[in-house]
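What follows is a single structure, written as structure tokens, with notes after it.
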Amino acid sequence: MRADGYQQHYVAMLAVTLMIGCGEVHRVRVIDRIERSGRFTTVDKPLPTLDSIDHVRGSVVEMFGGASIRIDSANPARDRGVNRDQLVSHPESVQTSWVKDGEVAVPTDIASLLLLSAYAHFERAAVYFSELDSIVTENSAPCFYDPHIPISDDLTVSTVDNAAYVPIADLFLIMRTEKLGDIPLALNPGVLAHEYAHRVFYYELWGAELADVEMDPLAANLLGAVDEGVADYFAARIVNDPQFTSHSLDETAAAARDLSTPRQLEVAWLDGTKPTKSGVYDPYPLGTVLAANLWHLVDAIADLDTAVLAAQRSVRIDLSTHGFTYQVGDFEIALLQHLDESTRIYACAELEYTYAAAWNRFSGVCL
């Protein structure tokens, strides 16, 4: 379903729904991708963690609108969002519009459909990580829809056509949609699973303690690439779609993050200075090397997801022990150490070519 078509389809469907009687609500109508066909359409889903349909509030996220968010050197965020009240001004609870179609709550406008669909996608990711025993699922986070964000050196996110997670403030952002792809970002379950995976990374690898970390900028670049790669991998796993970005990004951008395409590490990327985009470090090419390699291992390694989480925790210990230094391959080596011997031998054989530029670093774990 094209983005300009999903609105027409939804309005036509809604005209019929408004004539249907009422009942107790057990499911919510949202936009989701049908895995078998790959199409996006309306789906009636139970949302067991959603406490309020009216305000899109539950144990996973709580939606807010009308907020202004300012994070900069004069107004820094503290870990786990402990000073969030100082960063966010004028937040308002969202108010959805919906009717009952039997046991189904049906949003009656596009904004309500977007907000409830976004909650459904966040919930799917949270349930996935809960089954992996991730600690992040123990508490919810706020999500701010179409906030006002003054651009600063500390918070440089696009204010349109974007979704984001801000780690130390521990909050999600969903920006308004202007340039539509196949499906808006907030309606793309893979995109929101990617953002939720960033939250897991913040809690699991950083231990939700990042504000006071002093790290070499180049090491921070490399870890940023790991963060993006792990987020893309888990997003693809959660929605079972290695091309999930293709539904919302342009063809070139989506192809660059297609996890079904084999990727190889380049020597120029080892020191954290390259690649760049518009003069700043671009974490996605290196991150996609990690994500694509993980995706190609997943069918052969049953407990790969668990190992990826365990590797995050191991890197956290290594960072605090060794003065917050990081080199390309540290995460992958930690991952391999969490596999049994036969599986590790297989993974090493698969990774040797794609990580040839840094393979000397793997000698201790890949004999």
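Take each of the peptides 58-70, 123-135, 225-237, average the number of other beta-carbon atoms within 10 Å over its residues, and list them starting from the highest.
On the way: 58-70: 19.7, 123-135: 17.9, 225-237: 25.5.
The packing order, highest mean first, is 225-237, 58-70, 123-135.
Give me the three principal axis extents of the range 132-221 from the C-alpha atoms, as integers in angstrom, largest value leading.
Computed over the Cα atoms, the extents are 37, 34, 22 Å.
Tell me the angle of helix 3-17 to the major Cα principal axis of the chain, expressed in degrees between 0 and 90 and rounded to the nearest ten.
40
Using a/c under 1.5 as the rounded threshold, could you call the range 319-367 rounded, prolate or oblate? The axes a ≥ b ≥ c are square roots of the C-alpha gyration tensor eigenvalues, and prolate needs a/b larger than b/c, oblate otherwise.
On the way: a/c = 2.68, a/b = 1.48, b/c = 1.81.
It is oblate, given that a/c is not under 1.5 and a/b is not larger than b/c.
How much length would be gained if the chain were fully extended between residue 41 and residue 59, taking 0.36 nm per residue of separation minus their Cα-Cα distance, in nm to one decimal?
On the way: separation 18, 0.36 × 18 = 6.48 nm, distance 2.56 nm.
In short, 3.9 nm is gained.
In the chain, what percentage of the DSSP-assigned beta bridges are antiparallel, given to the nearest 5? Walk me through the intermediate numbers first.
On the way: 24 of 36 bridges.
For the chain, the DSSP antiparallel bridge percentage is about 65.
Could you work out how far apart the two model spin labels at residue 215 and residue 255 are, taking each label as a point 7 Å from the Cα in the direction of the beta carbon, and quote it in nm?
3.2
State the extension gain, in nm to one decimal, for the chain segment bounded by residue 313 and residue 85, taking 0.36 nm per residue of separation less the distance between their alpha-carbons. Don't skip to the answer; put the middle values down first.
Numbers: separation 228, 0.36 × 228 = 82.08 nm, distance 2.94 nm.
Fully extending the segment from residue 313 to residue 85 adds 79.1 nm.
Cut-off is 10 Å between beta-carbons; in what order do 45, 277 appear when sorted fewest neighbours first?
On the way: 45 18, 277 10.
Neighbour counts put them in this order, fewest first: 277, 45.
Beta carbons within 10 angstrom, averaged per residue: use that to sort the peptides 250-256, 289-295, 331-337, highest first.
Working: 250-256: 12.1, 289-295: 24.6, 331-337: 22.0.
Answer by packing, highest mean first, reads 289-295, 331-337, 250-256.
Where Rh is the Kirkwood radius over the Cα pairs of the range 177-229, the temperature 37 °C and the viscosity 0.692 mPa s, what D in µm²/s does Stokes-Einstein return?
Values: Rh = 13.0 Å.
Estimated via Stokes-Einstein, D reaches 253 µm²/s.
Could you tell me the extents of the range 281-347's C-alpha atoms along the three principal axes, largest first, rounded to whole Å?
34, 27, 17
Each label point is 7 Å from the Cα along the Cα-to-Cβ direction; what then is the distance between the points at residue 176 and residue 109, in nm?
1.3
Rank 281, 236, 323 by how far each Cα sits towards the positive end of the charge dipole of the range 213-367 (+1 on Lys, Arg Cβ; -1 on Asp, Glu Cβ) and give me just the farthest.
Farthest towards the positive end: 323.
Label the range 175-321 by shape, choosing from rounded, prolate and oblate, from the square roots a ≥ b ≥ c of the eigenvalues of the Cα gyration tensor; if a/c is under 1.5 it is rounded, and otherwise prolate applies when a/b is larger than b/c, oblate when it is not.
Numbers: a/c = 1.44, a/b = 1.27, b/c = 1.14.
Rounded, since a/c falls under 1.5.
Only Cα pairs within less than 10 Å get springs; with that Gaussian network setup on the chain, which residue of 280, 82, 106 has the largest fluctuation?
Of 280, 82, 106, the Gaussian network model singles out 280 as fluctuating most.
What nm value, rounded to one decimal, do you get for the distance between residue 341 and residue 273 when each label is placed 7 Å out toward the C-beta?
In this crude spin-label approximation the distance works out to 4.3 nm.
When Lys and Arg each count +1 and Asp and Glu each count -1, what net charge do the other residues less than 11 Å away from residue 104, Cβ to Cβ, add up to? List each step's numbers first, then the result.
Values: positive: 27, 29, 45, 100; negative: 24, 44, 101, 103.
Computed value for this residue: 0.
State, as an integer percentage, the relative contact order of the range 213-367 based on alpha-carbon contacts under 8 Å between residues 6 or more apart. It would help to have the intermediate numbers written out before the result.
Details: 180 pairs, mean separation 43.6, N = 155.
Dividing the mean separation by the residue count of the range 213-367 yields 28 percent.
Helix 304-321: angle to the longest alpha-carbon principal axis of the chain, degrees 0 to 90, nearest 10?
It works out to around 60 degrees.
What is the magnitude of the charge dipole of the range 213-367 about its Cα centre, with +1 placed on the Cβ of each Lys and Arg, -1 on the Cβ of each Asp and Glu, and no other charges, expressed in debye to the nearest 20?
Details: 9 positive and 22 negative charges, 33 e Å.
Magnitude of the dipole: close to 160 debye.
Over what distance in Å are the Cα centres of the range 73-117 and the range 122-141 separated?
When both Cα centres are located, 18 Å separates them.
Express in % the proportion of alpha carbon pairs of the range 268-318 at distances exceeding 18 Å.
On the way: 629 of 1275 pairs.
The calculated P(r) of the range 268-318 puts 49 percent of pairs beyond 18 Å.
What do you get for the angle between helix 110-131 and the principal long axis of the chain? Use alpha-carbon atoms, 0 to 90 degrees, nearest ten.
40
So, counting K/R as plus one and D/E as minus one, what does the shell of residues with Cβ under 14 Å around residue 54 add up to? It would help to have the intermediate numbers written out before the result.
Numbers: positive: 57, 100; negative: 51, 62, 92, 109.
Counting the neighbours of residue 54, the net charge comes to -2.
Project the alpha carbons of the chain onto their principal axes and report the range along each, largest first, in whole Å.
68, 49, 37
Let me have the 222 nm mean residue ellipticity of the chain computed from DSSP H runs of 4+ only, each contributing -39500 (n - 2.57), with the sum over all residues rounded to the nearest 500. Each step should come with its number before you reach the end.
On the way: 10 runs with 140 residues, N = 367.
When only DSSP H runs of four or more count, the value is -12500 deg cm²/dmol.
Every number in this text was worked out from the coordinates using simple rules, so none of it is lab data. Computed from a prediction, not measured in an experiment: that's the story for all the values here. Cβ atoms come from the backbone with ideal geometry, glycine included; neighbour counts cover every protein chain shown.
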